[in-house]
Amino acid sequence: MKRQPLPRSIAIPKRWSTLDWPSVFAAILYPALGVIGLTLAVILGLALESLTIHWWYALVALFAGAVTLVICNLGIGVLHRIWHHKAGELWGPAKVITALNCVIAMQGKLKDWVNYHSQHHRLSDKAGDPHNPAEGKLWAWMGWLLFRDENDMQRPLALWLRDSKTVTIFDRHYNTATLLVHLVLPALIYAIVALTGGSLILTLMLHASAVIARGVQFHATILGVNVFGHLKTPLWADYVLAMLTGGEAFHDHHHDEPASALHLPRRGLINRLVDYNGTAILIFEKLRWARDLKIADQFEAQPAIAQR
């Protein structure tokens, strides 16, 4: 008789040695720094006469956060649908854009992302599923991410991605790319603003808003897909989570139609705005940066808003 795997929440010990500090930073500490930074910018701007803060700074900061959230989703969505589920092929700049957006989203090495998601599909909602919500909603949300099994991290890159130079290069230099994007580039921008006499308060607000938005997107994805995506939820909640995840939170059909480049029907303005990860893939196709797209029949045929 084939031995059944233990539930991951039981099999992985909860101790300091199994705590994944990069995940702790990405999921908790970095978003907290964003909140602190935004709060500090507002307090200093209001308290010090030497610093100027305008009401429209808030609008610009919200825009910066929205753009950051979309950029992060476009990385994860294309990674998920094309590189993992092979719903098509990427060419040219689309590969670099996707990998870079995943670095901005702090998704870790693509190798580990694909391996974890492969386990999830193979053992969905069963013992061995890395984030089985039946083992606890907190575990499916954050526990599986914070406590890692060394064997998981040592698994090799998926066979179908080994010929992708973009994937191997970004994985090999993931830590360097992360430092450049999240530390060196912001520091350079602050220096340029300071030297040119620009507003450091506005710069801090924009930076903090981007950091917070990345955290919102990060948690909306792991909550919307790993937890709520496997539970019965009202339609309005599906659409709210979908807007925060680029359509990834439309999960009820996904295990039946995993290799679909779209998560809502092709036609319909609302569908394309909500499932904007899929829309980006369609744009890549128009630019000849993607080809051989696979789209589930239900999403090719239905007009207007999805009937779910």
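The values are calculated or read from the model by the stated rules, or taken from the named source; none is laboratory data. Because the structure is predicted, anything quoted here is derived from the model rather than measured. Methodologically, a virtual Cβ is constructed for each residue, glycine included, from the backbone with ideal geometry; neighbour enumeration extends over all protein chains shown.
Of all positions in the range 220-243, none carries a residue that is surrounded by 24 or more Cβ atoms within 10 Å (Cβ to Cβ), more than 14 Å from His80 (Cβ to Cβ) and either at pLDDT 95 or above or of a type in the set (A, V, I, L, M, F, W, C) (or both).
For Ser50, indicate whether it is more than 11 Å from the chain's Cα centre (by Cα) and within 21 Å of Tyr190 (Cβ to Cβ). Judged against the criteria, Ser50 is a match. You will find that of Ala94, Ala87, the residue that is touching a strand residue (DSSP E or B) at 6+ places or on another chain (Cβ under 8 Å), aliphatic (A, V, I, L, M) and crowded, with 22+ Cβ neighbours inside 10 Å is Ala94 and no other. Among the residues of the range 218-231, which ones are in contact (Cβ under 8 Å) with a residue 40 or more places away in the chain and more than 17 Å from Pro22 (Cα to Cα)? Residues satisfying the conditions are Thr221, Leu223, Asn226, Val227, His230, Leu231. Exactly one residue out of Ile201, Ile192 is touching a residue at least 12 places away in the same chain (Cβ under 8 Å) and on the phi < 0 side of the Ramachandran plot: that is Ile201. I'm checking my understanding of the structure. Among residues of the range 50-83 that are surrounded by 15 or more Cβ atoms within 10 Å (Cβ to Cβ), of a type outside the set (A, V, I, L, M, F, W, C) and touching a residue at least 60 places away in the same chain (Cβ under 8 Å), which one is farthest from Asp292 (Cα to Cα)? Here the residue is Tyr57. Residues in the range 271-279: is at least one free of Cβ contacts under 8 Å to residues at least 40 places away in the same chain and not in a helix (DSSP H, G or I)? The answer is yes; a qualifying residue exists. A Cβ distance below 6 Å, combined with a sequence gap of six or more or placement on separate chains, defines the contacts here; from the range 35-49, residues that are buried (at least 18 other Cβ atoms within 10 Å of the Cβ) reach residues that are outside any helix (DSSP H, G or I) in the pairs Gly45/Leu51; Gly45/Ile53. So which helices (runs of 4 or more DSSP H) stay within the range 139-207 end to end and still have 2 or more residues that are surrounded by fewer than 15 Cβ atoms within 10 Å (Cβ to Cβ), at pLDDT 95 or above and not polar (S, T, N, Q)? Qualifying helices (runs of 4 or more DSSP H): 165-172, 185-195.
For the range 106-119, does any single residue satisfy the condition of being of a type in the set (Ser, Thr, Tyr) and surrounded by 22 or more Cβ atoms within 10 Å (Cβ to Cβ)? For the range 106-119, residues of a type in the set (Ser, Thr, Tyr) and surrounded by 22 or more Cβ atoms within 10 Å (Cβ to Cβ): absent. Consider Gly88 carefully, then state whether it is modelled with pLDDT under 95 and either more than 13 Å from the chain's Cα centre (by Cα) or not hydrophobic (A, V, I, L, M, F, W, C) (or both). Criteria not met by Gly88.
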